[in-house]
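Chemist: The following block contains the structure, expressed as structure tokens.
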Amino acid sequence: MVKKIAVVAEDLLTQAVLHKCISEVLPAYIVARTEVKGGRGNVQRELGAYAALAQVMPVLICVDLDGDDCAPTLLSGWGRLPPQAGLLLRVAVREIEAWVLADQKRVASFIGAAPNEVPKRPDELFDPKRSLLELARAHAGSELKADLVPRNYDASYPRIGRAYNLRLCAFIASKWRPHVARKKSASLERAMVALEKLA
Amino acid sequence: MKISRIAIRNWRNFKNADVDLQDRTFIVGANASGKSNFLDIFRFLRDIASSSGGGLQKAVKDRGGMKKVRSLAARREPNILLDVTMTDDDVKWRYVLEITQESAGKRRPLVKREEVYKGGEELLKRPDAQDKADAERLTQTSLEQVNSNVNFRDISEFFAGVVYLHLVPQLLKYAEGIQGKFLENDPFGQAFLERIAATGEKKRARRLNRIQAVLQKAVPQLEELQFERDPTNGKPHLKAKYSHWRVNGAWQREDQFSDGTLRLIGLFWVLQEDPGLLLLEEPELSLNKKIVSFLSPFIYKLQGKGQVLVTTHSSDLLSDQGISLDEVILLEPSQEATTIRSADKLEDVEQLVSGGLGLGEAILPHATPQTLESLASM
């Protein structure tokens, strides 16, 4: 019998990553609904609704840690979380790009860099998106570089290039391997373990 | 070639505006702020330069005459001025057209001033001695004349190649029932199928294949998209195969496609035509949120070397974090006329996006009339 799961992601790239993890760990599940919330605040505000949804199907939620100290501190700031078994609230340390980088080999071949150029402990990166962009700036071919890296690299906005989401979501769907990446990122490992419990 | 800047005086609701344009530019503004009027400037230049003829006189007449195209706010300086700067690799072009109206008689539009510069060098300056000798010449621009535009044929061809598509699915679906008049340049996609039919077979197949790849992801159950001619009357059609309840799937023709499917096909087709300048009106219409959130990178990837101007009301479309602030321009109506500003000149928007708010959420409140609250009292 097909089981259902719901996905709530902070942005498009996170959504692509969560879908890939589910397809790898939970082959018996279909994603019954999936949404991109455009920021952590929106996720936090709607948590009550997801808790209600979790009574009928598991809900996988993922947000970035960003500048906060650690996931428990971040979540404690969200007040008392609804105690609901099916509500899987995961935090990517510090950003979803850390999980992406954690599949070193595939990221290296996607960008065109040597595997040892890819950061080895992505969860320790202060700004994983910047690290990914640095990698692309140094090694990517001209088309990919133009797609990923913003024209004005030092401006505060935009932080990503014009086809960043398009190219990375495609990479995640076709090449990225959760079972490899989980070995390099503790926050991804915890998320995968939580998912496996649903199997 | 790309339009890097345009200065406008007295064009419809723009009394005086001046704005930089990027390779990809999103135009936002409240209803009736003049987004379509802004795009119409480029359609107007196309109509003047277009090889099908008619030039300035027809371009103005098709728009209902001078009193329709001239800003209502134009009083002291009643002429229309379009001052367009273009760049072609490193070469900078500038085309200036000032239009006035005959003071008596037929009240025809007349060229008051027409200038072309290439890299600072003046290639044309009218009125010239010949114009003074024969005032009738001023009813035509040099842009529309093969004999006089030889030195700046590049910009004439660039304007003539402007493409505007605002596909209205119903016009296509009910084409036979409507039996309507086909507008020149087919702005609303009535003759969209003819356009596909007129494309060479290989090119057509390649483009439809790419569109099919997008549709397979975007439209549930859609498996295949094909072009065919009706065996009885030779009319062109699109057909799509859906993996429905029938074992071998069911083929449907375009009149059964959803509005969103047709709009998506139109959008992706026209992007692949690779025009020098493409004008898109609210591409988000009838499309679901997720597709819309990928439209801006799709446009960027498919636009090739061409330039694209897009009007939009969609926060989802503008949510892509790869859009630079200078790629968005805001039209703001006021008592007198509409002003145009680029989003990098709006300090609140700049602060909000650096603070993590999506660009759409940051700028669209500027495109909401403040009087809207009083609607509730209706």
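Chemist: Could you figure out which of (1) touching an Asp or Glu at 6+ places or on another chain (Cβ under 6 Å); (2) under 29 Å from B:G54 (Cβ atoms); (3) of a type in the set (K, R) isn't true of B:K241?
Modeler: Only one criterion in (1) touching an Asp or Glu at 6+ places or on another chain (Cβ under 6 Å); (2) under 29 Å from B:G54 (Cβ atoms); (3) of a type in the set (K, R) is unmet by B:K241, namely (2).
Chemist: Scan the helices (runs of 4 or more DSSP H) fully inside the stretch A:13-82 and keep the ones with 1 or more residues being in contact with a Ser or Thr (Cβ under 8 Å, 6 or more places away or on another chain) and in contact (Cβ under 8 Å) with a residue 12 or more places away in the chain.
Modeler: Numbers: elements: A:40-45, A:47-53, A:71-76.
Correct list: A:71-76.
Chemist: A further question follows. What's the number of the condition B:M66 fails, among (1) more than 14 Å from chain A (Cβ to nearest Cβ); (2) in contact (Cβ under 8 Å) with a residue 24 or more places away in the chain; (3) under 20 Å from the mean Cα position of the chain (by Cα); (4) crowded, with 19+ Cβ neighbours inside 10 Å?
Modeler: Answer for B:M66: the failing condition is (3).
Chemist: Quick check: anything in the stretch A:29-49 on the phi > 0 side of the Ramachandran plot, open to solvent by less than 60 Å² (accessible area, probe 1.4 Å) and within 13 Å of chain B (Cβ to nearest Cβ)? It would help to see each step written out before you state the result.
Modeler: We begin by selecting, within the stretch A:29-49, every residue on the phi > 0 side of the Ramachandran plot; these are A:38-39.
With open to solvent by less than 60 Å² (accessible area, probe 1.4 Å) added as a condition, the list becomes A:38-39.
Still in the list and also within 13 Å of chain B (Cβ to nearest Cβ): A:38-39.
Scanning the stretch A:29-49 turns up at least one residue that is on the phi > 0 side of the Ramachandran plot, open to solvent by less than 60 Å² (accessible area, probe 1.4 Å) and within 13 Å of chain B (Cβ to nearest Cβ).
Chemist: Would you kindly identify the strands (runs of 3 or more DSSP E) lying entirely within the stretch B:73-189 that contain at least 2 residues that are not aliphatic (A, V, I, L, M)? Outline the logic, then answer.
Modeler: On the way: elements: B:80-88, B:91-101, B:109-118, B:121-126, B:163-165.
Fully inside the stretch B:73-189 and qualifying: B:80-88, B:91-101, B:109-118, B:121-126.
Chemist: Same structure, new question: Report the residue count in the stretch B:8-45 for those that are in a strand (DSSP E or B) and open to solvent by 20 Å² or more (accessible area, probe 1.4 Å). Break it down into steps so the answer makes sense when it comes.
Modeler: Quick first cut of the stretch B:8-45, residues in a strand (DSSP E or B) only: B:8-11, B:14-20, B:24-29.
From what's left, open to solvent by 20 Å² or more (accessible area, probe 1.4 Å): B:9, B:15-16, B:18, B:20.
Total meeting the criteria: 5.
Chemist: Are any residues in the stretch A:140-172 within 10 Å of chain B (Cβ to nearest Cβ), surrounded by fewer than 23 Cβ atoms within 10 Å (Cβ to Cβ) and of a type in the set (G, A, S), and if so, which ones?
Modeler: A:A146, A:A155, A:S156
Chemist: Now a separate question. Being crowded, with 19+ Cβ neighbours inside 10 Å and more than 26 Å from A:L13 (Cβ to Cβ) is the filter here, so list the residues in the stretch B:278-298 that pass it.
Modeler: B:L278, B:L279, B:E281
Chemist: Residue by residue through the stretch A:52-72, note down the ones that are surrounded by fewer than 16 Cβ atoms within 10 Å (Cβ to Cβ) and within 16 Å of A:P128 (Cα to Cα).
Modeler: Residues satisfying the conditions are A:D66, A:G67, A:D69, A:C70.
Chemist: Quick test of your reading of the structure: A:A191 fulfils all but one of (1) among the small types (G, A, S); (2) assigned to a helix (DSSP H, G or I); (3) out of contact with any strand residue (DSSP E or B) (no Cβ under 6 Å at 6 or more places or on another chain); (4) surrounded by 21 or more Cβ atoms within 10 Å (Cβ to Cβ). Name the failing condition by number.
Modeler: Against the list (1) among the small types (G, A, S); (2) assigned to a helix (DSSP H, G or I); (3) out of contact with any strand residue (DSSP E or B) (no Cβ under 6 Å at 6 or more places or on another chain); (4) surrounded by 21 or more Cβ atoms within 10 Å (Cβ to Cβ), A:A191 comes up short only on (3).
Chemist: From (1) surrounded by fewer than 19 Cβ atoms within 10 Å (Cβ to Cβ); (2) at pLDDT 95 or above, pick out the condition that doesn't hold for B:G177.
Modeler: (2)
Chemist: Separate question: Just give me the residues in the stretch B:69-91 being over 21 Å from B:E115 (Cβ atoms), open to solvent by 50 Å² or more (accessible area, probe 1.4 Å) and hydrophobic (A, V, I, L, M, F, W, C), in sequence order.
Modeler: Passing the criteria: only B:L72.
Chemist: Related question: Take A:G86 and tell me if it is more than 14 Å from chain B (Cβ to nearest Cβ) and more than 14 Å from the chain's Cα centre (by Cα). Write out each step before concluding.
Modeler: Values: more than 14 Å from chain B (Cβ to nearest Cβ): yes; more than 14 Å from the chain's Cα centre (by Cα): yes.
Taking the combined requirement at face value, the residue satisfies it.
Chemist: Determine whether B:R206 is in a helix (DSSP H, G or I) and buried (at least 18 other Cβ atoms within 10 Å of the Cβ). It would help to see each step written out before you state the result.
Modeler: On the way: in a helix (DSSP H, G or I): yes; buried (at least 18 other Cβ atoms within 10 Å of the Cβ): no.
So B:R206 does not fit the description; no.
The values are calculated or read from the model by the stated rules, or taken from the named source; none is laboratory data. In this text the structure is predicted, and so the values were computed from the model without any measurement. When we count neighbours, we look across all protein chains shown, and the Cβ atoms used for this are built from the backbone with ideal geometry, even at glycine. Please note that ligands, DNA and RNA were not included when accessible areas were found on the heavy atoms of the full protein model with its side chains. Shrake-Rupley method; radii C 1.70, N 1.55, O 1.52, S 1.80 Å.
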